[in-house]
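Following: one structure in structure tokens, then a few remarks.
The values are calculated or read from the model by the stated rules, or taken from the named source; none is laboratory data. Being a predicted model, the structure only gives us computed values, none of them experimental. Quick reminder, even Gly has a Cβ in these numbers, built from the backbone with ideal geometry, and neighbours come from all protein chains shown. These area figures cover heavy atoms from the full protein model, side chains too; ligands, DNA and RNA do not enter into them. Shrake-Rupley method; radii C 1.70, N 1.55, O 1.52, S 1.80 Å.
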Amino acid sequence: MNTPARNWLITGISRGLGRALAEAALARGDTVIGTTRSGRADLPDSQRLHILALDVSDPEQIRPVLRQAEWLCPRLDVLVNNAGYGLLGAVEEVSTPETYEMFATNFFGAYHLIQEVLPRLRAQRSGHIVNISSIAALAPLAGSGLYAASKAALEGMSESLAAELAPLGVRVSIVEPGGLRTGFASAQSLHIAAHEIADYDQSSGQTVRHFSTVDGQQPGDPELAAQAILELVDAPQPPLRLLLGSDALRRARIKLAQLAGDIDRWERLTRSTDYAAATA
Ligand SMILES: NC(=O)c1ccc[n+]([C@@H]2O[C@H](COP(=O)([O-])OP(=O)(O)OC[C@H]3O[C@@H](n4cnc5c(N)ncnc54)[C@H](OP(=O)(O)O)[C@@H]3O)[C@@H](O)[C@H]2O)c1
């Protein structure tokens, strides 16, 4: 299929999924403005690649970086909020500063970027915002509650945004990867709550131990995930949510069955709170 060349803005292209996506977009002739915290990325030189320094957790940096991005590429076709990291620990174990710091990247980073690009996308009456979430948002494990909360916050915002922007020609998609073989589970990226509580050893502790063995073993290939995101962006009617990986699919199906089961089993009690006149 012949697709028009697009201009992308992708956060976190230093490595992992962001880097694979930048490479895939460049390979098919698109232009990429990619951000990294260092302002450098180990990608082949290309006139269609622009790297800007950005720590998405610092709201002060967003506007100047986006001005520069607009100067480089006045039209923006796809914004990918990819920069993010994991934080493991039971809800009680994770400290408030650890939680706020992660939300500053995983949720507020995306939120500030979206706020800043929206006037441009509305004026264009086109564009696609792709928010990289996680299967954890839909199906959290013990020990991933606050990471899941940061991604669920991103998803809640994305769903409303999709409804608000659809009449204006701007699309929004949420991508929910399962385990991708990136640096995500490495010590470089994955944060573990500093405070441990022995009572959570069999719940959260198990998840932490599991994640200490998954680096390099995850089932998902980030290059194939990048191709899937290209296909999502090309689709005439892209989905609001796209799962990536058979592990994500398995967890999502279990979650949906649990949700349907709870709804059905408790339907009587659910209906019991309406005023009599409302149910008549
Ligand atoms: N891999 C998985 O299994 C998996 C599963 C579900 C969801 N995800 C999501 O996929 C996205 C990409 O992660 P990945 O798998 O590619 O992991 P990764 O290899 O660890 O890459 C993470 C990227 O995010 C950047 N980043 C982190 N904090 C940042 C900040 N404050 N400002 C700017 N950039 C920042 C990193 O930049 P630096 O090089 O500067 O650290 C890096 O480029 C994340 O949102 C993650 O939550 C991943």
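Could you please find all residues in the stretch 204-262 being assigned to a helix (DSSP H, G or I), among the basic types (Lys, Arg) and open to solvent by less than 90 Å² (accessible area, probe 1.4 Å)?
Hits for the stretch 204-262 are ARG251, LYS255.
GLU176 is checked against (1) part of a strand (DSSP E or B); (2) open to solvent by 30 Å² or more (accessible area, probe 1.4 Å); (3) acidic (Asp, Glu) and fails just one. What number does that condition carry?
So GLU176 meets the others, but not (2).
Starting from residues that are touching a residue at least 24 places away in the same chain (Cβ under 8 Å) and polar (S, T, N, Q), keep the ones in the stretch 189-203 and report whichever is least open to solvent (accessible area, probe 1.4 Å).
Taking the candidates together, the pick is SER189.
Go over the candidates ILE135, ILE129, ILE114, ILE62 one by one and state the one that is within 16 Å of the ligand (Cβ to nearest atom), farther than 23 Å from THR36 by Cα and crowded, with 20+ Cβ neighbours inside 10 Å.
Matching residue, one of ILE135, ILE129, ILE114, ILE62: ILE135.
Would you be able to say whether some residue in the stretch 26-36 is open to solvent by 30 Å² or more (accessible area, probe 1.4 Å), under 18 Å from ARG120 (Cβ atoms) and at pLDDT 95 or above?
Within the stretch 26-36, not a single residue is open to solvent by 30 Å² or more (accessible area, probe 1.4 Å), under 18 Å from ARG120 (Cβ atoms) and at pLDDT 95 or above.
Which pairs have Cβ atoms under 8 Å, sit 6 or more apart or on different chains, and link a residue in the stretch 249-272 that is closer than 12 Å to LEU138 by Cα to one that is among the hydroxyl-bearing types (Ser, Thr, Tyr) and assigned to a helix (DSSP H, G or I)?
none
Could you tell me whether the stretch 116-138 includes any residue that is more than 19 Å from GLY12 (Cβ to Cβ), of a type in the set (S, T, N, Q) and at pLDDT 95 or above?
yes
Each row is one residue, and each column tells you yes or no for (1) at negative phi; (2) among the polar types (S, T, N, Q).
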position: ALA24; (1), (2): yes, no
position: ARG28; (1), (2): yes, no
position: VAL32; (1), (2): yes, no
position: GLY39; (1), (2): no, no
position: SER46; (1), (2): yes, yes
position: LEU49; (1), (2): yes, no
position: PRO59; (1), (2): yes, no
position: LEU66; (1), (2): yes, no
position: PRO74; (1), (2): yes, no
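Has the stretch 72-81 got at least one residue that is free of Cβ contacts under 8 Å to residues at least 40 places away in the same chain, open to solvent by 40 Å² or more (accessible area, probe 1.4 Å) and away from the ligand (no atom under 13 Å from the Cβ)?
So the first thing to find is which residues in the stretch 72-81 are free of Cβ contacts under 8 Å to residues at least 40 places away in the same chain, and the list is 72, 74.
Restricting the remaining residues to those that are open to solvent by 40 Å² or more (accessible area, probe 1.4 Å) gives 72, 74.
Cutting the leftovers down to away from the ligand (no atom under 13 Å from the Cβ) gives us 72, 74.
There is at least one residue in the stretch 72-81 that is free of Cβ contacts under 8 Å to residues at least 40 places away in the same chain, open to solvent by 40 Å² or more (accessible area, probe 1.4 Å) and away from the ligand (no atom under 13 Å from the Cβ).
Among the residues of the stretch 179-205, what is the count of those that are β-branched (Val, Ile, Thr) and in contact with a Phe, Trp or Tyr (Cβ under 9 Å, 6 or more places away or on another chain)? Show your work before the answer.
Our first condition is that a residue be β-branched (Val, Ile, Thr); within the stretch 179-205, this holds for 182, 192, 197.
This time we only want the ones that are in contact with a Phe, Trp or Tyr (Cβ under 9 Å, 6 or more places away or on another chain), so: 192.
Residues in the stretch 179-205 being β-branched (Val, Ile, Thr) and in contact with a Phe, Trp or Tyr (Cβ under 9 Å, 6 or more places away or on another chain): 1 in total.
Given the conditions (1) within 16 Å of the ligand (Cβ to nearest atom); (2) modelled with pLDDT of 95 or more, which single one is not true for GLN188?
Only one criterion in (1) within 16 Å of the ligand (Cβ to nearest atom); (2) modelled with pLDDT of 95 or more is unmet by GLN188, namely (2).
Out of all the residues in the stretch 1-25, which are over 13 Å from CYS73 (Cβ atoms), modelled with pLDDT of 95 or more and of a type in the set (A, V, I, L, M)?
Within the stretch 1-25, ILE13, LEU17, ALA20, LEU21, ALA22, ALA24 meet the criteria.
In the stretch 142-168, which residues are open to solvent by less than 30 Å² (accessible area, probe 1.4 Å), among the aliphatic types (A, V, I, L, M) and out of contact with any helix residue (DSSP H, G or I) (no Cβ under 8 Å at 6 or more places or on another chain)?
The one that is open to solvent by less than 30 Å² (accessible area, probe 1.4 Å), among the aliphatic types (A, V, I, L, M) and out of contact with any helix residue (DSSP H, G or I) (no Cβ under 8 Å at 6 or more places or on another chain): ALA162.
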